[in-house]
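Taking it in order: structure first as structure tokens, then the write-up.
Every number here is computed from the coordinates shown, using simple stated rules; none is lab data. Just so you know, these numbers come straight off a predicted model, no measurement behind them. Counting neighbours? That spans all protein chains shown, and the Cβs are built from the backbone with ideal geometry, glycine included.
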Amino acid sequence: MFPVPIERRPTPLQWIYKVALPIALLLWLLPLIAVFLTSIRSAGDIATGNYWGWPTSINLIANYTAIFENTPLGKYLFNSFRVAIPTVIGAVALSCMTGFALAVYQFRSNLVIFFMFIAGNFVPFQILMVPVRDLTLQLGIYNTATGLAMFHIAFQTGFCTLFMRNFIKALPRELIEAARVEGVSEIRIFWFVVLPLMKPAIAALSVLIFTFIWNDYFWATVLTQGVDSQPITAGLYSLNGQWIAAWHLVSAGSIVAAIPPVAMFFLMQKHFIAGLTLGAVK
Amino acid sequence: MRLFGLSQRTLAPWLFLAPGVFVFLIYVILPIFQSINISFYEWDGLGERTYIGLQNYVELADDEAFYTSLKNNVIWLILYLLAIPAGLFIALFLNQNVWGIRLYKSLFFFPFVISQVVVGLVFSWFYDPTNGLMNILLNVLGFDSIPVLADERYVTYGIIVAGLWPQTAYCMILYLTGLNAVNPEQIEAGRLDNAKGWKMLWYVVLPQLKPATFISIVVTVIGALRSFDLVSIMTKGGPWGSSRVLGYYMYEKAFSEYGFRMGYGAAIAVVLFLIMIVYISYFLYKMYRDEKGY
């Protein structure tokens, strides 16, 4: 293990480490803690500039109820789910199939198609922006959650294919060969042999894609406008404009927007990290 | 089972690929070429397109705002790479077995999970010249307040610092996973050879962390070239366009109150794409070598 395990160090150093740990964490998360503390202040505190002193009252419930009652925050949250959930299902389903095809079969254009997915995954969004907006308009799904989800499904299929293909490639090939010898059809091999083994990959990708899409801001501003279809990231930004002096509400909104991906991360931590660090250890 | 004289095994991969490849072509590959095409036109997004050849690029070559954006992209790219050593440093700090360390690791990872919109708002608030925490601390220490986001000299750096926060967390998690896989025998062997501290890190540990470093570089470079969210949230490219990056400038030209110049915007996007192509080619080349190595 590197660095030297702390329990093998002299006792004073161990104590220093144990004290340094929470201090470092506090400093690291300071901006976030500040936002949380602001989000429970009263409007009076904000008006008098009491941002860092002791709050005159703790308005946790009042502020968080206020943002839901006085702003369409709830609607924005709902829109985010309407985009993120279909995207997860769509992109994972498509990439299970593409990943399977690219990992199991040898054909001439295999590597070309695989590289197309990888390369496409890296392109700057701006080069897609004008044509994708045009296409969405032509399909009549501009300014809808469907339109946004459609693009996300297509784009995320690139990354998901890379992930799934490598995952399936690492599975024991004998399983597939044995099934073929038994005369099992290809579709049944996919469904009954390979798919059950892909559960960890599906879980990892699902959490990861959910977080990516939840946090997307660029496409939300390009493909949607207005309360009916905008997800929380774009919504928060437009609310920010209306609330210039209401930092306690902006802060509460930010915290609410951060909760779903954070909760997802904590609940599915193992899968999340497995997805993120794919390829980092080989 | 045969279909049109083709065996099931020749046909199957194409059927599995069809839906995924179809949507990817329509939404990702085709638009790249459409954008390149649009960059040769003058077009407001609604009316007729007028073919103007290389006119957009000629204009770009003389556009001061374009060079400011390009310069900022380079600054982003260089400074963003600091996330890698910073992430390694935190990973080494946290790579211990004390009580509660797992929770610490998760909490350190936090900034990466939250949206850049939230990160941007948090940091705008942190830099706020009258009530922001940074300036309050500066005042306590006896310095004058610095309005970071309103000052042309500091604004890009201020935004990059905000970006480094989640990016460092990302690199940290990559390195933590890498450190888990480091071969303990080699470390012990290094210790017997009297390797310590920096030497051990440089000669024994880092070579084993190569995959983590590679992925960190990949995601950090992409992150730097994709910078858009933070610029849009924190400054809208201001003050006076001094914090624009290519991604944001393109958006501004094509979609914002400054007019709908799709062709000109597309030309900017093509430049950004060409920068990225260099990098994508390198990545694909490396993957190709790995594939052939099997």
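Per the helix-only calculation at 222 nm, which mean residue ellipticity applies to chain A, given -39500 (n - 2.57) for every DSSP H run of n ≥ 4 and division by its residues, nearest 500 deg cm²/dmol?
-22500 deg cm²/dmol
If each residue's Cβ is checked for other Cβ atoms within 10 Å, how do B:Asp193, A:Asp216, B:Asp62 rank with the fewest at the top?
B:Asp62, B:Asp193, A:Asp216
Would you work out which of B:Ile187, B:Gly142, B:Leu284 lies farthest towards the positive end of the dipole of chain B? Charges go on Cβ: Lys and Arg +1, Asp and Glu -1.
Towards the positive end, the residue furthest out is B:Ile187.
In a Gaussian network model over chain A where Cα atoms closer than 10 Å are linked, find which of A:Ile113, A:Ile89, A:Ile141 has the largest mean-square fluctuation.
A:Ile113
Taking θ as phi - 60°, what are the ³J(HN,Hα) couplings along the range B:16-26 by the Karplus curve (6.51, -1.76, 1.60), each to the nearest whole Hz, with x for Gly and Pro?
Per residue, the Karplus-derived 3J(HN,Hα) values read 5, 7, 3, x, x, 5, 4, 5, 5, 4, 5 Hz.
Run down the aspartates and glutamates and flag those whose C-alpha is under 16 Å from the C-alpha of B:Lys236, throwing out any fewer than 8 positions away in its chain.
Of all the aspartates and glutamates, those that pass the test against B:Lys236 - Cα under 16 Å, at least 8 places apart if same chain - are B:Asp128, B:Asp151, B:Glu152, B:Glu252, B:Glu257.
Evaluate the relative contact order of the range B:75-244 (contact order divided by residue number), counting alpha-carbon pairs under 8 angstrom at least 6 apart; express in whole percent.
Reported as a whole number, the value is 36 percent.
Summarise the partner chain shielding of A:94-103 as one whole number: the mean count of Cβ atoms from other chains within 10 Å of each residue's Cβ. Before the final figure, lay out each step's value.
Values: counts 9, 1, 2, 8, 8, 3, 4, 9, 4, 1.
The mean count of partner-chain Cβ atoms within 10 Å per residue comes to 5.
What is the average number of partner chain Cβ atoms found within 10 Å of a Cβ in B:174-181?
4
Return a whole-number percent for the relative contact order of the range B:198-294, with Cα pairs under 8 Å and 6 or more residues apart as the contact set.
15 percent
Highest GNM mean-square fluctuation, chain B, Cα pairs closer than 10 Å: which of B:Glu64, B:Glu152, B:Glu252?
Of B:Glu64, B:Glu152, B:Glu252, the most mobile in the Gaussian network model is B:Glu64.
Starting from the Cα of A:Lys199, draw a straight line to each of the lysines and keep only those under 17 Å, dropping any in the same chain fewer than 8 residues away.
A:Lys169, A:Lys270
Among the lysines, which have Cα under 17 Å from the Cα of B:Lys286 when same-chain residues fewer than 8 positions away are ignored?
A:Lys282, B:Lys210
Just checking the output field for A:23-32: average partner chain Cβ neighbours within 10 Å of each residue's Cβ?
For this peptide, the per-residue mean of nearby foreign Cβ atoms is 5.
Among B:Leu79, B:Leu133, B:Leu164, which one moves the most in a GNM of chain B with springs linking Cα atoms closer than 10 Å?
Of B:Leu79, B:Leu133, B:Leu164, the Gaussian network model singles out B:Leu133 as fluctuating most.
Would you be so kind as to identify all helices of chain A, as entire DSSP H runs, whose Cα atoms reach 27 Å or more along the helix's own axis and whose mean Kyte-Doolittle hydropathy is at least -0.5? Can you show the working numbers first?
Values: long enough: A:73-104 (46 Å, 1.37); A:145-169 (34 Å, 0.83); A:247-267 (30 Å, 1.65).
Both cut-offs are met by A:73-104, A:145-169, A:247-267.
Which residue, chosen from A:Asn110, B:Val231, A:Ala257, occupies the Cα position most advanced towards the positive end of the dipole of the protein assembly as shown, where the dipole is computed from +1 (Lys, Arg) and -1 (Asp, Glu) charges on Cβ about the Cα centre?
My answer, from the dipole projection, is A:Asn110.
Rounded, prolate or oblate: which fits chain A when a ≥ b ≥ c are the square roots of the eigenvalues of the alpha-carbon gyration tensor, with rounded for a/c under 1.5 and prolate only if a/b beats b/c?
Since a/c reaches 1.5 but b/c is at least a/b, the shape of chain A is classed as oblate.
If amide H atoms are built 1.01 Å from N in the plane of the peptide, which residues on other chains or at least 5 residues away come under 5 Å of the amide H of B:Tyr41?
Amide H to amide H, under 5 Å and 5 or more residues apart or across chains, B:Tyr41 pairs with B:Ile52.
Work out the charge dipole of the protein assembly as shown with +1 on the Cβ of Lys and Arg and -1 on the Cβ of Asp and Glu about the Cα centre, then indicate which of A:Thr233, A:His152, A:Thr56 is farthest towards its positive end.
Final value for the positive-end residue is A:His152.
Pairs of Cα atoms under 8 Å, at least six residues apart: use those to get the relative contact order of the range A:70-168, whole percent.
53 percent
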